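Asks: I'd like to ask you about the structure that follows.
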C-alpha cells in the first residue's frame, strides 16, 4: 500500500468548531489517518497533518478545501501569517516507496479539481511548479503579497493561475504542491519589539544570505506580549533544527534579547531529533537503531499490526499466505470483540447489577482472547512460510534428504498446532458469547449471537486448516491426538451454538 502525507494549512486558528468540520471532511474514510492538528490563534491558522493511501489522498484533500471554502470568508480573516486563501497551502509529501513524481501527479489532479469544481484559483509550487518562478513558496505568497494584493493583481498575466478562474472569491486562492518533508520551527523571544524579530528572521533565512533551505519571518504574538521568529526548514538534513536555533540565539543575544522558548508545529521525523541530540550531547556515531522504540519498530515487535485493508489486499492476492488460517483468527478476534461489547453494554445497568462483576471479567477475558487471536494471524502466516522454506532445502545426499524430511515434518506439525490453537481460542470465545447471551443486556442479544456464530465459523475454518496438514504428518500418535481434540471442540461448539440460537430466538421472536 503506497502512502502519502498531506499537510494542508487553513486560514482559521481561533474557531475550533470550524477546524473540526474541516478535519471531518478530510477523514471521510477509515484508511485516512489524521495525525496532528495545530491551531495558532495569533497566526489565525491551522495545520492539519494526515496520511492516506495514495488512491484516496486527492479526494481527502479536496473535501477539506471544499469545506474550508464554505466556512471561511477571507474578507473577514485577519492574522499574523501571510495567506492567500481559506485553504492556503496544500502540499503532498512522499512516504516510503511513494515517489515525488506521484506526488506531483496528485498535486495536478487536485489543482484541476479545485479550479474546475470549486472555481478557486490554484497556483502550483515546489516540485509541482509549472512556472520556474513559482517553485519557491515565498515567490508566490509572502508578507508583502497576500490575499488582498492578489485580488488586485490577479488579472495580470504574471498572476494567471495554473488552474481555475482568473478572479478571486471570498475563499481566496489555494497553493498546491509536492515537496520533501518540512519542519515548521518557531522561536519565541522575550521582547515585544517586532523589528527585532524581523531583523533576526532576515539574518536567518536563505533568501537574505542566511542558512541554506531556511525560510523565516518575524511575527508579533499579541496574547503573549512577545515576538516570534517563525521558520520553515525545507531540508533538515542540510540545515538542522539546532543550527537554526543557535543562529537565532546568537542574533538575539547581539540585540540584548533572550529566547523564551521554541516550538515545533506539526509532525517531525525522528531522524531530525536524533541529529539535534547528537549536536548538543556531542554524541559519537549515535544511530537511530540505538533508540529503543525505533529498534522495536524495525524488528517488527511494536506497531506492526496490519490494517484491515492491507490484510484483505494480501489475502485476495495470488500469494498462498496469508490464507484461511489467518482469516479464521481474524474472524475469531471480531467475535471476541462482540462479546466484549455486549458485556460493556451490560455493565452499569441496574437491571443487570447481579452480573456486574461477571461482565467485567468477560470484558477482560474477551480482550485477552482478541489480542491472542490477532497475534495468531501472524503466526499462521509464519508457520506456512516455514513449510515452504523446508521444501526448498537441498536433497542431493542421503543426509540432506534426511534433514529436509525432518524439517518438513517439524514445520507441518507447527502449521497444525497454530490453527488448532486458534480453534481452541474460538471455542473460548463461544463460551463467553453463551454467557453474555444468557445474562447480558437483552437489547444487544443479537450481537452476542453474532459473536457465537462468528466464533463457530472461525473455529471450523481453523480446524479445516489443521486437517489439511495432518494428512502430511507421519507421526500417528500426533495425528490421532489432534483428531480427538477436534472432535471434542466440535461437540461443545455445536452445543453452545444451538443454545445461543434458541436463547436469542426466544427474545427476538
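Asks: Give the calculated FRET efficiency between residue 464 and residue 501 to the nearest 0.05, with a Förster radius of 25 Å applied to their Cβ-Cβ distance. Don't jump to the answer; show the numbers that get you there.
Replies: On the way: r = 22 Å, r/R0 = 0.88.
About 0.70, to the nearest 0.05.
Asks: Working from Cα positions, state the angle (0 to 90°, nearest 10) between the long axis of helix 241-254 and the longest principal axis of the chain.
Replies: 30
Asks: If I stretch the segment between residue 409 and residue 194 completely, what's the gain in nm (0.36 nm per residue apart, minus their alpha carbon distance), one decimal?
Replies: Values: separation 215, 0.36 × 215 = 77.40 nm, distance 7.64 nm.
Between residue 409 and residue 194, full extension yields an extra 69.8 nm.
Asks: Report the calculated FRET efficiency for residue 277 and residue 317 (r = Cβ-Cβ distance, R0 = 56 Å), to the nearest 0.05. Mind showing how you got there, number by number?
Replies: Numbers: r = 41 Å, r/R0 = 0.73.
Efficiency computed from Cβ-Cβ geometry: 0.85.
Asks: Could I have the simple spin-label model distance between residue 260 and residue 224, label points 7 Å from Cα toward Cβ, reported in nm to one decimal?
Replies: That separation, rounded to one decimal, is 0.5 nm.
Asks: Decide, for the chain, between rounded, prolate and oblate: order the square roots of the alpha carbon gyration tensor eigenvalues as a ≥ b ≥ c, take rounded if a/c falls under 1.5, and otherwise choose prolate if a/b is larger than b/c, else oblate.
Replies: Details: a/c = 2.41, a/b = 1.91, b/c = 1.26.
It comes out prolate by the Cα gyration axes.
Asks: Could you work out how far the C-alpha centroid of segment 79-97 sits from that of segment 380-429, in angstrom?
Replies: 52
Asks: With axes computed from alpha carbons, what is the tilt in degrees of helix 194-204 against the longest principal axis of the chain, rounded to the nearest 10 within 0 to 90?
Replies: 70
Asks: Calculate the FRET efficiency for residue 70 and residue 253 from the Cβ-Cβ distance with a Förster distance of 60 Å, rounded to the nearest 0.05. If you can, show how the numbers build up before the last one.
Replies: Working: r = 47 Å, r/R0 = 0.79.
After rounding to 0.05, the efficiency reads 0.80.
Asks: Given the DSSP H assignment, sum -39500 (n - 2.57) over each helix run of at least 4 residues in the chain and divide by its residue total; what's the result at 222 nm in deg cm²/dmol, nearest 500? Please list the in-between numbers first.
Replies: Details: 14 runs with 267 residues, N = 509.
Calculated at 222 nm, the ellipticity per residue is -18000 deg cm²/dmol.
Asks: Order of 355, 236 from fewest to most other C-beta atoms within 10 Å? Kindly include the intermediate steps, with their values, before the conclusion.
Replies: Working: 355 20, 236 25.
So the residues, fewest neighbours to most, are 355, 236.
Asks: Sort out for me the Cα centre separation of segment 241-285 from segment 444-491, rounded to whole Å.
Replies: Going from one Cα centre to the other spans 59 Å.
Asks: Alpha carbon centre of segment 1-67 versus segment 355-369: separation in Å?
Replies: 38
Asks: Let me ask something additional. Given points 7 Å out from each Cα along the Cα-Cβ axis, report the residue 24 to residue 446 separation in nanometres with one decimal.
Replies: Spacing of the two 7 Å Cα→Cβ label points: 2.7 nm.
Asks: Let me ask something else. Modelling each spin label as a point 7 Å along the Cα-to-Cβ direction, I'd like the residue 152/residue 78 distance in nm, to one decimal.
Replies: So the label points at residue 152 and residue 78 sit 1.9 nm apart.
Asks: Then there is this: What ranking of 174, 277 emerges when the number of other C-beta atoms within 10 Å of each C-beta is taken as an exposure proxy, fewest first? Working shown, then result.
Replies: On the way: 174 30, 277 14.
Neighbour counts put them in this order, fewest first: 277, 174.
Asks: In degrees, nearest 10, range 0 to 90: what is the angle between the Cα axis of helix 16-26 and the longest Cα principal axis of the chain?
Replies: Compared with the principal axis, the helix lies near 60 degrees.
Asks: Please give the contour-minus-distance gain from residue 160 to residue 475: 0.36 nm per residue of separation, less the Cα-Cα distance, rounded to one decimal in nm.
Replies: On the way: separation 315, 0.36 × 315 = 113.40 nm, distance 7.85 nm.
Stretched fully, the residue 160-residue 475 segment lengthens by 105.6 nm.
Asks: For a quick protection proxy, order the peptides 444-457, 130-143 by their average other-Cβ count within 10 Å, most packed first.
Replies: On the way: 444-457: 23.2, 130-143: 16.0.
Peptide ranking by packing, descending: 444-457, 130-143.
Asks: Also: Per-residue counts of other Cβ atoms within 10 Å, averaged by peptide: what ranking do you get for 250-259, 152-161, highest first?
Replies: Working: 250-259: 14.2, 152-161: 12.6.
My ranking of the peptides, most packed first, is 250-259, 152-161.
Asks: Taking neighbour Cβ counts within 10 Å as the exposure measure, how do 388, 359 sort from fewest upward? Mind dumping the intermediate values first?
Replies: Details: 388 11, 359 24.
So the residues, fewest neighbours to most, are 388, 359.
Asks: For segment 3-178, just say rounded, prolate or oblate: build the C-alpha gyration tensor, square-root its eigenvalues into a ≥ b ≥ c, call rounded for a/c under 1.5, and beyond that prolate if a/b exceeds b/c, oblate if not. Walk me through the numbers before you get to the answer.
Replies: Values: a/c = 1.65, a/b = 1.14, b/c = 1.44.
Since a/c reaches 1.5 but b/c is at least a/b, the shape of segment 3-178 is classed as oblate.
Asks: Using a ≥ b ≥ c from the Cα gyration tensor of segment 163-274 (square roots of the eigenvalues), is it rounded, prolate or oblate, where a/c under 1.5 gives rounded and otherwise the larger of a/b and b/c decides, a/b for prolate?
Replies: Because a/c hits 1.5 or more and a/b fails to exceed b/c, segment 163-274 counts as oblate.
Read-outs throughout are calculated quantities, based only on the coordinates presented, and are distinct from any laboratory measurement. Values in this document were obtained by computation on a predicted structure and should not be read as measured data. Glycine also receives a Cβ, built like all others from the backbone with ideal geometry; neighbour counts cover every protein chain displayed.
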